[in-house]
Structures are given as structure tokens and as C-alpha cells.
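Quick note: the coordinates plus some simple rules give every number you see, no bench work behind them. All figures in this text were calculated on a predicted structure; none of them were measured in a lab. Note that each Cβ is placed from the backbone with ideal geometry, even for glycine, and that neighbours are counted across all protein chains shown.
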Amino acid sequence: MSDGERAASPAPAPADDGRVPADPPVVEATGIVKRFGPTVALNGARITIRPGETHALVGRNGAGKSTLVSVLTGLQAPDEGTVTFGGDPAPRLTDRDAWRRNVACVYQKSTIIPTLTVAENLFLNRQQHGRNRLISWQSVRRGAQDLLSTWSVDVDPQTPAAELSVEQRQFVEIARALSFGARFIVLDEPTAQLDGPAINRLFDRIRDLQRQGVTFLFISHHLQEIYEICDMVTVFRDARHILTAPVAELPRTELVAAMTGEAAADRLEERASTLDTGVTAALSVRGLGADAYDDVTFQIGAGEIVGLAGAAGSGRTEVAETVVGLRAADGGEVEIAGKRPRPGSVPAALAAGAGFVPQDRHHQGYVPDMSIADNATLSVPHLLGGNGFLSRARRDRLAAGMIEKLAIKTPGPELPVSALSGGNQQKVVMARALADDPRLLVLINPTAGVDVRSKEFLLGKVEETAATGTGVLIASDELDDLRMCDRVLVMFQGRVTTEIARGWHDHDLVAAMEGVDLHA
Amino acid sequence: MPETVLAGSAAPDTAEPQVRRTALLGGRIPLARLRDLALVPAIIVIAVVGQIVNPVFLQTDNLINVLQTMSEMALLVLAQTMILIVKKMDLSLESTMGLAPGVAAWLVVPTGAGHGLGLLPGAWSIPVTLAVGALVGVINSLLIIRFGLNGFIVTLGMLIVLRGVLTGISGGQTFFQLPQSMLYLGTAEWFGMPASIWICLALFAVAIVVLGWTGFGRSLYAIGGNVDAAKAAGIRTDRVLWTVIVTGSVLAALAGLLLSGRLASVASAQGNGYIFTVMAAAVIGGISLNGGKGTMFGAFSGILLLYMIQNVLTLGGVPAQWIGALNGLIILVALTISRITGGKVQE
């Protein structure tokens, strides 16, 4: 992985000041087994978290992290094994209040109700009542104000929760968790939707709370964050506990090896460029401008892979979405393989020869209840028969080919996409993008929420596709996605600021994405 | 970047680019609250127009007439509003409104007069009406909550079934000679105003308080806004949903009782087609079909506005044959206006 990014922030505060080693652990789970039908989600897993530490839990998708979290937060009972809090056995599953006094979890998915105010969200189902047994909104507001200022969260309690940013929402959820008396908080991928500065503010907040005696279990896919903020790390793989060690004593390579179960393969072997300058450029963008970006100009040759990097809000996603017609630009033009599709029209962009993987597969990628075959052929009805009639046989043949080509793990093309794992779902989306042999392939965050193996497979497919003369645009902030690019364009605050050729160092790219000049 | 503001350690930074919320009276009343009152200006405008069209409009008798004719429909709006707030929908309310008093009349009205069975004394009519309402609510809840069926389709089915049952027991005819107890609520006057108006206003007042100032009421909004989060907050969501759906059906039965009392009969088509006006009134009143949004006061002003406009049209001498077309048009116009004032896309 990378080193050096965000190294500007101070090292984690020493967590062991005033701590007696003999203290019982805040939470200890031993011998946890959890089965869902035939699959074993946890197989004798264990974790021990000491007071005041920030403990990282890492593992690939399907390693059992989420299941452990639901066991630790009392959402599911383990089939075997015990959980103790501060030495006492865990409360019964139905005693939600007792669980909430011990542990709280800030999930990726918000548990804030958008239509209610912040104050009401904080005191939902436990509002202060006045003398007439009706809710006293005044004391609810005051209580919320007190609570928020105690933990120095600067949010107006009267704000409707829908107006909060992701970051504010997380702080409100943390404050709510603390108000139940819990001093052990699980953060489930808290940084996934935050940009760089917001992540730093979150980390400052975590360190603050840590000094006040709050213990954290921190789950993240980003290893550098673990090195920055955590004291201890526990690795799960294939439903088992692999190791627990102080972060400072565990080199990155060993951590990665523990996660993948193999020595970290050096995927950096040089990819021969497949750029073909003799053919019309796959994409040429000139002077593109809109709210989120300004004056964007670049070209992608046939067979070239170009990365479009940038932090959240830098405009990279918007540019990519404009190219495929999900948005219309205010000015400038997009030319796909020599044709100029009507701006803001996805069908026109597809007809011009584009294929794309949208940003959020759950939102825009697939129809969950439709079959793999239907999803994969959604954008290519003309391949399924003429005159507006679809041939089921042809569809299934086409889908079977895609399933084989992309190694989608499924019993057959009739399975609904919602029944697949994240990685395989993304493969279906990729299959659709490739269905019509595109001249230009646009990928937005193509490996978000995808496990390591599927990730490598998907990226390998991209290289293969490029080798056939397709131009590829990858809009992502995931360094692994960008590694194979012939060059990476970095966007910062809506403009393309830097162009980096292949062979870059992680810290160069991250610095450019954050708008920092390392050599200044 | 439109960054968020958080006082990381000490006092908040100066010149924070926070999104300023529109507020009046020095920030005391946020605009969101004012939206509840969005229809009040419209109601005033209609009142003025009505007075110009025909000076009868603002006379007490006419206003009482408007309130009384809308009281039954208003109770359905009250029921539907609760149900919409928890993100469900009950189409069968209109049939319940006919069937519940229909069953009571069937059991109570003496034989020889139409299809009455004369099995029970007259005093039973009110309990029977309410019990039928509750039973319908229980069946709906069982199918929707317990068996997880789609609420829209379940209540659409119930709408047809209940209407059919009423037609069956009445032989498609109208029950007359209702007992005194059934007539009372629809005809009595309390303190110079029809009892049905009092009942309607009182129930809305109770609903406003319950929805705004009790834990139960707030849990309705929580469930409609995000049911998983409501569960995580320890709300017994299923129990709340049961209560809401059953209460809604009982209210519909009560509305039917008021209407039967006022008309001194139960027609086999009683309540037929009401549900469309009910839904329209709720949406005009600011209730979101996506759940979690809207207030009882808004819903009340929605139905009041619709009935006032109808009254003005009648007073203005619009031919009765055209009232239906105009009603539909009014609903569309009112929706458009609330889209403009509300500023948000209605889904």
C-alpha cells in the first residue's frame, strides 16, 4: 500500500496513560460461531478490546467483520461463544437499553431519520415529558443543545436532519451513542463517504474522545487510516481470527499478507501500453464546463487507459458522468470515437460507442430483482432481436457468454442480481458496460465495495478490453484502480490540475488530489 | 468546497459558510414550520372570493353547513393522514365507512323493512359499527404487517370486498328506519353546532396533540422517515403500525356512523369514491406519500380548502353537472400551487 499520505497529522495520542493493565477488557468475544444456513460467517472468531484503545478490525469482504459487529452490538446472537462487557456477560438480546449502555455503532447506513430535527433524532423514543405527560419540546431542545455542546458538535439542534452533511451526521450519531452511556463505539467504515479534510476532522474528534476515555472499534478498507489512528489491529480472514497485534509493530506487508492469506503480490508489473495513435481518439473532451467543474480538456486514444483522480467533490465523477450523458455540461463538447452525441443523453452516448459502469451500482447499476441475464443485456436490446421483440433464447445465450467471460459466480443467468455478492454484482454491471463492444469504456469507482480478488479480476478485464483498442476512462480516488493507467489526470476543485505519467509514487498522487504541493 | 462546520475544539470559526436557513421573526420560526400554515392564505383568499360571489358565504349557517358536510370526509382524512405518515396507505377506508354502519343497520333494522334482520336491539348499533371498523383494521394489519403483503394492493382488494359485502347484505338497496342511537350523532346539536362538527374538530385537536407532543405520535414520523432507524431507536414499529391501521379503520367506521345519522339511511354505495378526495386533501395539505412528513393541521386545512371551494362554486350558481369536473380540476390546481409554494417535487 501507500506510505506517507496524511502524515502531516500528529501521531495518535498515547492510549495507555493511567491505564492499569489489569482492567477487564471493554469487550471480549471468544469462540464466536455464527452460521447463516450453509455459510459459516464466523468460525471460532475472537476479539479483545482494552479500555481507551482504538482497535482496528480489518479483513476482505466476507471475512466476517459485519457479522462480528452485529454480534458485538446485540443485533444477532452467536450460535456459539460468549461476549462479555467489562467482565460481565452480555445482556439478553431483547434488552436493547442494556446493550445501548455498553456499546453503540455508527453504521455506514445512516440511522438518523431525515424528516425529523437533530434534537428529535437525539432523543427519539425517550423524549422529555412535561408535567402534563406531553412531550416538552423546550426541554428536548435544551437537552439536545447540552448534549451537542458537551461533545462539542457544532450543529443547531433545530436543523432538519436531512440538511446535515455526512460528517455532521456521524458526529450526531456519535453524540447520541455517548448519551446512552456507552463508552465503546463501533465505527463501521466511517471514512467511506468523507473527503480528506473531513477525515482529518473525524480523526481529531476520535483522538479527543479517546482522551476522554472512549474506546473505539474502527473498521476500514483503507490501511493507511489504520496506521494513522489505531493502536491495535485485528485481522479476520475467511470467518476466522488471524492475528491481533499493536499497529506500530506490524509492517504493512505483513498486514496485507494476513488479510489476503498470501504474500502481497506485486501487481505493479509494467503493463505494456496499448495506445494506438493511428485511429480516431476514443474520447476527446474540449472546454467542458458546468457547476462542478470548469474548462476540462483531455483526450483518450484508442487502447489507452486514462485515470481521472481527485478527492470527493473535485468534479471527477461529474466529468465522467457528463461524458456518458448522465449530465449535460453548460459548455464545451464531448466527442466519442469521432461522433458527437447529444449532450445529456445516455442513449446517444451509448450509440456513439460508450459503455459505462456508474458510480453507485446499487443506485444506478442494476435492477436488484431482475435476473442477471436481463440486467446484463439491459442496454443492448438491438442485439436481442429486431422490431422491438426480444428473443429470450438469444438473451440467455448472450448472458451465458458474459457470465463465462467475467467469471460471475452464479448457478445460472436466471438468478436475480440481488442474490449475488458485491463483487459479482459489479461484474454484472461491468458485463453490461462491455456488452456492445464499446469504443470507450467509462468506469466510475469501479471497485468500490468489492473484495480483493474480484477487484483484481475486474481491473484485469479492463486491461484486456484496452488491448482490443478500446479507450478507457477510470474516474476514481482508489489508488489501486489508477495504478494501471497510462496516465492519470488529477482534478482539484473542478479543474484538471496535474497530469501524472505511469510509475508515480502514491504520495505524489495523493498530494495532487489533496491540492498539496510536496515540492514547494 | 461547501464544507461543513464543526467546532473541532473551541469556538466556531468566524465567517462560516453554513447554509443559511430561511427563518422569520429573528429565527424564532423556521420556514419548515410555516409550511404547515401554507394553505391559510389560500383559505382566506377563498373566503374573500366567496363573500364577493355571494354574501351568504360568510354567514354562520353557511359555514356550519360547510363544516358539517365535510366532517365525515375530514375524519377519513384524519385516518389516512396517520397512515400516510407511517408510509402506508389504506384505500379501503371508503368501503369501511359504508360497511360498518351497514352491518349495524342490517343486524338492527327490523325485518320487513328492506333487508334488515332485526337480530339486535337498537342500542347495539354503535358498538357494532365500531367493532366492524376495528375488525377491518385487524384484517388489513394482519395481511400487511404480519404477512408482509403490499399495503396498496391489500387495501385495494379490501375496498372491493367490503363494498361487495355491503351490496350483498343490503341486496343493493338502502337501509332506512335506523334506530335512534344511530341517528343521534349525525343529527344532534351541541351548543348550537351539529355534534358531528364538534366530534370532527375535537378529534383533529387530539390528533394534533398526539402527533406533535407524544412519544407515540413522534414514532409515527420516525417509522415513516426510516423504519430501520426507528427500530434501532427501540420503537416497537409493528405495534405502532397495528395501532395506526386499526385506529384508522375505526375512525372510518365513525365517519360512516355520522354520515348515516345525518342522512338517516345507509346506502349500499355509501362512501363510494370518497378515497380520491381524501388522498387529494391529504397531499394538498402537505402530507408526503413517501411517509414521515406532514401535519394534522395541514391535512385539516387541505380538506377545508377543498370544501370551501366547492361551496363557493355552488353559491356562484355553477351547474351541478359541472361540479365533478371542477372538483378534479381544483385538486390538480391545488397540487400545482402547493408544489410551487412547497418547492419540492411530490413523489
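Would you mind classifying chain B by shape? Square roots of the alpha carbon gyration tensor eigenvalues, ordered a ≥ b ≥ c; an a/c under 1.5 is rounded, otherwise it is prolate if a/b is larger than b/c and oblate if not. Kindly include the intermediate steps, with their values, before the conclusion.
Numbers: a/c = 2.30, a/b = 1.45, b/c = 1.58.
Taking the square roots of the gyration eigenvalues as a ≥ b ≥ c, chain B is oblate.
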Rounded to the angstrom and largest first, Cα extents along the principal axes for chain A equal 73, 54, 50
At 37 °C and 0.692 mPa s, grab the translational diffusion coefficient of the protein assembly as shown from Stokes-Einstein with a Kirkwood Rh over Cα pairs, rounded to a whole number in µm² per second. 105 µm²/s
Count the net charge of all other residues whose Cβ sits under 15 Å from the Cβ of A:Gly278, scoring Lys and Arg as +1 and Asp and Glu as -1. -1
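What order do you get for A:Leu384, B:Leu257, B:Leu289 when you list them from fewest to most C-beta neighbours inside 10 Å?
Numbers: A:Leu384 17, B:Leu257 30, B:Leu289 14.
Arranged by neighbour count, lowest to highest, A:Leu384, B:Leu257, B:Leu289 become B:Leu289, A:Leu384, B:Leu257.
Once R0 is set to 30 Å, what does the formula 1/(1 + (r/R0)^6) return for the Cβ-Cβ distance between A:Glu254 and A:Leu75, expressed as a FRET efficiency to the nearest 0.05? List each step's numbers first, then the result.
On the way: r = 32 Å, r/R0 = 1.07.
Step by step, r from the Cβ atoms, then E = 0.40.
In chain A, which longest range has no GluC sites (Glu not before Pro) that are both DSSP loop (not H, G, I, E or B) and surrounded by at most 14 other Cβ atoms within 10 Å? Before the final figure, lay out each step's value.
Working: sites that count: A:Glu262, A:Glu269, A:Glu270, A:Glu414.
The segment A:1-261 is the longest one with no such site.
Using per-residue counts of other Cβ atoms within 10 Å, averaged over each peptide, order A:204-215, B:142-153 from highest down.
With the highest mean Cβ count within 10 Å placed first, the list reads A:204-215, B:142-153.
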According to a simple spin-label model (label point 7 Å from Cα along Cα-to-Cβ), what is the distance in nm between A:Ala351 and A:Arg502? 3.6 nm
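Inside 10 Å of the C-beta atoms of B:142-152, what's the mean count of C-beta atoms belonging to other chains?
Partner Cβ neighbours, averaged per residue: 0.
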Point-to-point label distance, B:Val206-B:Asp228, nm (Cα→Cβ direction, 7 Å offset): 3.6 nm
Under the rule a/c < 1.5 gives rounded, and otherwise a/b versus b/c splits prolate from oblate, where does segment B:190-347 land using the Cα gyration tensor? oblate
Gain on full stretching of the segment that runs from A:Ala162 to A:Leu378 - 0.36 nm per residue minus C-alpha separation: 74.4 nm
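Specify whether the C-alpha gyration tensor of segment A:113-163 places it in the rounded, prolate or oblate class, a ≥ b ≥ c being the square roots of the eigenvalues: rounded for a/c under 1.5, otherwise prolate if a/b is larger than b/c and oblate if not. Walk me through the numbers before you get to the answer.
On the way: a/c = 2.45, a/b = 1.40, b/c = 1.75.
Judged from the Cα gyration tensor, segment A:113-163 comes out oblate (a/c at least 1.5, b/c at or above a/b).
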Between A:Glu414 and A:Ala467, what is the FRET efficiency for a Förster distance of 30 Å, r being their Cβ-Cβ separation, to the nearest 0.05? 0.40
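Tell me the mean residue ellipticity at 222 nm calculated for chain B from its helices only (DSSP H runs of n ≥ 4, each -39500 (n - 2.57), averaged over every residue, nearest 500). Write down the numbers at each step before the final one.
On the way: 14 runs with 223 residues, N = 347.
Taken over chain B, the calculation gives -21500 deg cm²/dmol.
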Please report the base-10 log of the normalised intensity I(q)/I(0) for segment B:55-182, using a Debye sum with one equal scatterer per alpha carbon and no solvent, at each q in 0.14, 0.15, 0.21 (1/Å). -0.73, -0.81, -1.15
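Using 0.36 nm per residue of separation minus the Cα-Cα distance, give me the extension gain between A:His363 and A:Arg133 in nm, one decimal. Please report the intermediate quantities before stating the final value.
On the way: separation 230, 0.36 × 230 = 82.80 nm, distance 4.34 nm.
Extra length from A:His363 to A:Arg133 when fully extended: 78.5 nm.
Using a 10 Å cut-off around each Cβ of peptide B:220-229, what is the average number of partner chain Cβ atoms that fall inside? Spell out each step's value before the answer.
Working: counts 0, 5, 7, 1, 3, 9, 10, 1, 5, 12.
Mean partner shielding for this stretch: 5.
Volume per residue, Å³, of the convex hull around the alpha-carbon atoms of segment A:283-514?
112 Å³
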Suppose R0 equals 51 Å; then what is the FRET efficiency for A:Ala312 and B:Thr69 from their Cβ-Cβ distance, rounded to the nearest 0.05? 0.35
Return the average number of partner chain Cβ atoms within 10 angstrom of each residue Cβ along peptide A:148-158. 3
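What ranking of B:Lys88, A:Lys455 emerges when the number of other C-beta atoms within 10 Å of each C-beta is taken as an exposure proxy, fewest first?
Values: B:Lys88 24, A:Lys455 21.
The order, fewest Cβ neighbours first, is A:Lys455, B:Lys88.
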How many angstrom separate the Cα center of segment A:423-497 from the Cα center of segment A:163-196? 31 Å
What percent of all Cα-Cα pairs in segment B:245-320 falls in each 5 Å bin, counting up from 0? 3, 13, 15, 21, 23, 14, 7, 3, 0
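Give me A:His362, A:His129, A:His221 ranked fewest to most by other Cβ atoms within 10 Å of their Cβ, as a rough exposure proxy.
Working: A:His362 12, A:His129 15, A:His221 19.
Result, fewest neighbours first: A:His362, A:His129, A:His221.
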On a full-extension model of 0.36 nm per residue, what is the gain between A:Thr277 and A:Arg92, subtracting their alpha-carbon distance, rounded to one decimal in nm? 59.9 nm
What spacing in nm lies between the two simple spin-label points modelled at B:Arg146 and B:Leu335, each 7 Å away from Cα in the Cβ direction? 3.5 nm
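How much mean residue ellipticity at 222 nm does chain A get from its helices, if each DSSP H run of length 4 or more adds -39500 (n - 2.57) and you divide by all residues, to the nearest 500 deg cm²/dmol?
Values: 16 runs with 155 residues, N = 520.
Estimated from H runs of four or more residues: -8500 deg cm²/dmol.
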